[in-house]
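The values are calculated or read from the model by the stated rules, or taken from the named source; none is laboratory data. These numbers come from a predicted model, not from an experiment. In this analysis, Cβ positions are derived from the backbone assuming ideal geometry, glycine residues included, and neighbour counts consider all displayed protein chains. Areas reflect the complete protein model, heavy atoms only, side chains present, ligands, DNA and RNA absent. Shrake-Rupley method; radii C 1.70, N 1.55, O 1.52, S 1.80 Å.
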Amino acid sequence: MRSYSDLFRTREFTPLFLSTALQTAASTLGGPALGTLVYRDTGSPLLSAVSMFGPQLAQVVGATTLLSASDRLPPRATMAGIACAFAAGTAAMAAPGLPVGAVFALLPLLGLVQSLGGGVRWGLLNEILPEDGYLLGRSVFNMMSGLMQITGYATGGVLIAVLSPRATLLTAAALYLVGAVGTRCGLSRRPPRALGRPSVARTWRTNALLWSSPPRRTTYLLLWIPNGLVVGCESLYVSYAPDRAGALFACAAFGMFVGDITTGRLLPPALRRRLGIPFLLLLAAPYLAFVLHPTVPVAAACAALASVGFSASLIQQERLMSLTPRELSGHALGLHSAGMLTLQGVSAALAGAVAQLTSPATAMTVMAAGSLAVTLSL
């Protein structure tokens, strides 16, 4: 599979792509809206950062209890159900007068539901496409994510300013619901990829099997930790530039788009395989400039340049698939997704705590230095 047109000629690729795009747009609108709402109510960089990335903190629970279900539940029904749960949860958080404590009670529940999403979606993508098509297909999803984030953060900034954070959250809830309908109507009914009932014991056994291979273990760590620490930097955009955070998010998304199209489509395989670590170094290095408290335009340029490095995850995922039996692909990709999102949530909380004690710029510098150190160590 050599071209984007080959992907979209694959029958179920387009509906999966479109439904995921709607849910990405919903997440892009909802995250900053919720972060802004919490920041206005509390004035706390820590609580604002955790509110935006809070669902990720529950991913570790799902990864250790529910992940075996990613290959043992029907994909269409599971994905539609997850989207409906997020529509309901996002609408609930938009309720006027809802206490901040209630918001933080909802977030881990949504995270637990979300922990199944990555394994089911990316396992289905691996099933739909031929073996040589996964990286190209995933790069298209990443590019779509970048475009949705550019558009969504810009649109979200306008909606928050013109309407309100609560109205923006309700818009996000509606997009989740439309994504659920698209999943239900556009995808065909498929049996689970693996036999047997999902269970906590089976989740632990498969996790142990995947973790027992040193090459897979190193690949997982490279997918999780450097990326997560840099997302900690991104979680502080709202507190760094409260009135211009949308611009920072949009520029970061543009950089990710450029990196994904370069890695997924333009780089030859032999060169691509050698660029995994350099891209991870690029992902963190520009954030060291925040030690100088740059102006918003300079900060936006740093964010865009750094986010090109997110394409390292494509290279690591391709390696992960080459090291994993096909019947475990959903579980393996779910473990990647859950671990990555967990580290992002932990890093957002850590970055917020450092910012609370020092400043957002100092915290971003510290997180970037930590990401560089981990990458070089691995």
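Gly97 versus (1) in a loop (DSSP other than H, G, I, E, B); (2) small (Gly, Ala, Ser); (3) in contact (Cβ under 8 Å) with a residue 12 or more places away in the chain: which is the lone unmet condition?
Among (1) in a loop (DSSP other than H, G, I, E, B); (2) small (Gly, Ala, Ser); (3) in contact (Cβ under 8 Å) with a residue 12 or more places away in the chain, Gly97 violates only (3).
Residues checked against (1) surrounded by fewer than 24 Cβ atoms within 10 Å (Cβ to Cβ); (2) among the charged types (D, E, K, R); (3) at pLDDT below 95; (4) over 30 Å from Leu129 (Cβ atoms):
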site	(1), (2), (3), (4)
Ala285	yes, no, no, yes
Pro294	yes, no, yes, yes
Ser307	no, no, yes, no
Phe310	no, no, yes, no
Arg319	yes, yes, yes, no
Thr324	yes, no, yes, no
Met340	yes, no, yes, no
Ala351	no, no, yes, yes
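Restricting segment 213-261 to residues that are open to solvent by 30 Å² or more (accessible area, probe 1.4 Å) and of a type in the set (Lys, Arg), which is nearest to Thr28 (Cα to Cα)?
The qualifying residue nearest to Thr28 (Cα to Cα) is Arg244.
Answer yes if at least one residue in segment 364-371 is modelled with pLDDT under 95 and open to solvent by 10 Å² or more (accessible area, probe 1.4 Å), and no otherwise.
For segment 364-371, residues modelled with pLDDT under 95 and open to solvent by 10 Å² or more (accessible area, probe 1.4 Å): absent.
Just checking: which of the helices (runs of 4 or more DSSP H) contained wholly in segment 241-299 hold 1 or more residues that are closer than 14 Å to Ser139 by Cα and free of Cβ contacts under 8 Å to residues at least 12 places away in the same chain?
Values: elements: 245-261, 269-274, 276-284.
By residue number, 269-274.
Taking segment 177-195 only, how many residues are open to solvent by 50 Å² or more (accessible area, probe 1.4 Å) and under 21 Å from the mean Cα position of the chain (by Cα)?
2
Within segment 72-83, can you find the residues that are over 15 Å from Gly30 (Cβ atoms) and either within 20 Å of the chain's Cα centre (by Cα) or not in a helix (DSSP H, G or I) (or both)?
Arg72, Leu73, Pro74, Pro75, Thr78, Met79, Ala80, Gly81
State all residues of segment 155-176 that are among the hydrophobic types (A, V, I, L, M, F, W, C), part of a helix (DSSP H, G or I) and either over 19 Å from the mean Cα position of the chain (by Cα) or surrounded by fewer than 18 Cβ atoms within 10 Å (Cβ to Cβ) (or both); if no residue qualifies, say none.
Passing the criteria: Val158, Leu159, Ile160, Ala161, Val162, Ala167, Leu170, Ala174.
Which pairs turn up if I take residues in segment 132-154 that are surrounded by fewer than 20 Cβ atoms within 10 Å (Cβ to Cβ) and among the hydroxyl-bearing types (Ser, Thr, Tyr) and look for partners that are at pLDDT 75 or above and in a helix (DSSP H, G or I) with beta carbon separation below 7 Å, at least 6 apart in sequence or on another chain?
none
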